[in-house]
Amino acid sequence: MSSEGGAETTTVLDTKRVLWSNRYKSGQCPSQIEFSVQLPSTFRDGQEERPLPPTYAVDFLNIPALFVRSSYYMRISITRNLARSVGFLTKTKRWVDSNPS
């Protein structure tokens, strides 16, 4: 008897949004900014378009090494540009939450 296993991660959505800009000198960035993103109902698997599976978890009690998991996590990257007096010398600070829970 042999066992094959593995995991695969697929990017379902990769988008960038400007939520606030001081381009027009409109004051300080607010401490909270609401946003929404519509999740797609499908994903690309090689050449095929497939529907997103639901979050799912099952353990097979009679077969200890056999289980199935389907889950999602969101990674949010916040970038803050600190502009200097010379436009091409821009500092960037980043915060990335890449810890799936």
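What about SER21, is it modelled with pLDDT under 85, in a strand (DSSP E or B) and small (Gly, Ala, Ser)?
no
Are any residues in segment 24-58 in a strand (DSSP E or B) and acidic (Asp, Glu), and if so, which ones?
Those that are in a strand (DSSP E or B) and acidic (Asp, Glu): ASP45, GLU48, GLU49.
State whether one or more residues within segment 32-50 are surrounded by fewer than 10 Cβ atoms within 10 Å (Cβ to Cβ), small (Gly, Ala, Ser), free of Cβ contacts under 8 Å to residues at least 12 places away in the same chain and over 21 Å from GLU8 (Cα atoms).
Checking segment 32-50: at least one residue is surrounded by fewer than 10 Cβ atoms within 10 Å (Cβ to Cβ), small (Gly, Ala, Ser), free of Cβ contacts under 8 Å to residues at least 12 places away in the same chain and over 21 Å from GLU8 (Cα atoms).
Looking at segment 59-71, which of its residues are surrounded by 10 or more Cβ atoms within 10 Å (Cβ to Cβ), assigned to a loop (DSSP other than H, G, I, E, B) and at pLDDT below 85?
Passing the criteria: only LEU66.
The values are calculated or read from the model by the stated rules, or taken from the named source; none is laboratory data. Fair warning: this is a prediction, and the values are worked out from it, not measured in the lab. No Cβ is skipped: glycine too gets one built from the backbone with ideal geometry, and neighbour counts run over all protein chains shown.
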